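*Asks:* Please see the structure below; I have some questions.
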Amino acid sequence: MDIAGSAALVTGAASGLGAATAAALAARGATVYGLDLDKAVAAAGPLPEGVTLLAADVTEEEPVREALARIEADGAELRLAVNCAGIAPSARVLGRKGPHDLDLFRTVLNVNLLGTFNVMRLAAEAIARQEPDENGQRGLVVNTASIAAFEGQVGQIAYAASKAGVAGMTVTAARDLAQFGIRVVTVAPGIVDTPMMAGFSEEIRAGLAASVTFPQRLARPDEYARLVTMIAEHDYLNGETIRMDGALRMAAR
Ligand SMILES: NC(=O)c1ccc[n+]([C@@H]2O[C@H](COP(=O)([O-])OP(=O)(O)OC[C@H]3O[C@@H](n4cnc5c(N)ncnc54)[C@H](O)[C@@H]3O)[C@@H](O)[C@H]2O)c1
């Protein structure tokens, strides 16, 4: 599909992978609408040209519908939705203070899995209204899982479950949306140097980098963004979860 001239919706666009993706898509000529939480939108610095940031919680229906209505009202043709919004709190199934908090588990599933699904279903409805290209394609949804979907570490039970859910939706969503000419691809990053990782000490970050097979460093957000543009431009990629991890296979801790 052509990125230039299309509108793109990117969630979690105030930070990390979402911000890098919004910038990369805008640089390639897309009109980008980023969604993020109120406080993240308020705190965001200057945005690249072609990027508009709107406040919306991905777990809610109305704000996401309002953002999509705004895109339509602007006369922009939505063809691409990229789900980057996510959270990664840590807790074990059974820890020193007792069993995993049920509300924390619910929250992680709500943001990472239900939020991704919510945006995918509503964006798909909007993309389905566009004219198909000469190959019958209307657009694409890219979701973000994590290699924790396959090898979640100690303390990642809720995160791993949510990301396995995102990976698990991929084929069935691609099948559901095929009749509308919409592809669905999931990216499962390894460790990317974003604010989500900023909480770790230099020592831990160095240890994480050393655990990567090659290249022995954390991935950069622009490498994730480049993968999204590659997926967008490659019409035969569909229904697949692509690892972007430097051959990292996570150890238990
Ligand atoms: N950084 C990594 O190493 C890594 C690895 C694998 C997967 N991922 C996944 O990539 C995605 C992006 O991660 P990141 O590293 O850029 O994190 P980040 O914390 O830098 O950015 C996440 C953004 O999502 C937003 N967000 C959170 N909850 C939201 C909600 N309910 N509604 C709207 N926006 C919300 C946050 O405000 C933030 O701006 C996440 O899904 C994360 O799980 C990250």
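Every read-out reported here was derived from the displayed coordinates using simple, explicitly stated rules and does not represent laboratory data. Fair warning: this is a prediction, and the values are worked out from it, not measured in the lab. Note: ideal-geometry Cβ built from the backbone for every residue, glycine included; neighbour counts use all protein chains shown.
*Asks:* Given ILE231, GLY199, VAL185, which one lies farthest toward the positive end of the charge dipole of the stretch 165-253, if we put +1 on the Cβ of every Lys and Arg and -1 on the Cβ of every Asp and Glu?
*Replies:* Sorting the options by dipole projection puts first GLY199.
*Asks:* State to the nearest 20 debye the size of the charge dipole of the chain about its Cα centre, where the only charges are +1 on K and R beta carbons and -1 on D and E beta carbons.
*Replies:* Details: 22 positive and 29 negative charges, 205 e Å.
Roughly 980 debye for the chain.
*Asks:* Per DSSP helix of 4 or more residues, -39500 (n - 2.57); summed, then divided by the residues of the chain. What does that give at 222 nm, rounded to the nearest 500?
*Replies:* On the way: 9 runs with 99 residues, N = 253.
Computed mean residue ellipticity for the chain: -12000 deg cm²/dmol.
*Asks:* From the backbone phi of the stretch 107-119, what are the Karplus-calculated ³J(HN,Hα) couplings (6.51 cos²θ - 1.76 cosθ + 1.60, θ = phi - 60°) in whole Hz, Gly and Pro given as x?
*Replies:* 4, 5, 4, 5, 6, 6, 9, 5, x, 4, 5, 4, 5
*Asks:* Now, a different point. Could I get the Rg over Rh figure for the stretch 90-239? Both from C-alpha atoms, Rh via Kirkwood, rounded to two places.
*Replies:* 1.03
*Asks:* Moving to a separate point now. Show me the three semi-axes of the equivalent ellipsoid for the stretch 153-253, from the C-alpha gyration tensor (sqrt of 5 times each eigenvalue), largest first, rounded to whole Å.
*Replies:* Working: eigenvalues 161, 53, 23 Å².
Equivalent-ellipsoid dimensions as semi-axes: 28, 16, 11 Å.
*Asks:* Pull up all non-local amide H partners of ARG243: gap of 5 or more, or a different chain, and H-to-H distance under 5 Å with H placed in the peptide plane.
*Replies:* HN-HN under 5 Å from ARG243: ALA188.
*Asks:* Can you tell me the 0 to 90 degree angle between the C-alpha axis of helix 221-233 and the longest principal axis of the chain, rounded to 10?
*Replies:* The answer is roughly 40 degrees.
*Asks:* Just the C-alpha atoms of the stretch 33-125: what Rg/Rh do they give, with Rh taken as the Kirkwood radius?
*Replies:* We get a ratio of 1.07 for the stretch 33-125.
*Asks:* Moving to a separate point now. Please work out the Cα convex hull volume for the chain and give it in Å³ per residue. Don't jump to the answer; show the numbers that get you there.
*Replies:* Values: hull volume 31.4 nm³, N = 253.
Roughly 124 Å³ of hull volume per residue.
*Asks:* Considering only DSSP states other than H, G, I, E and B, which GluC sites (Glu not before Pro) in the stretch 57-131 qualify as loop sites with at most 16 other Cβ atoms within 10 Å? Let's see the in-between values first.
*Replies:* Working: sites: GLU60, GLU61, GLU66, GLU72, GLU77, GLU125; in loops: GLU60, GLU77.
Within the stretch 57-131, the qualifying GluC sites (Glu not before Pro) (loop, at most 16 other Cβ atoms within 10 Å) are GLU60.
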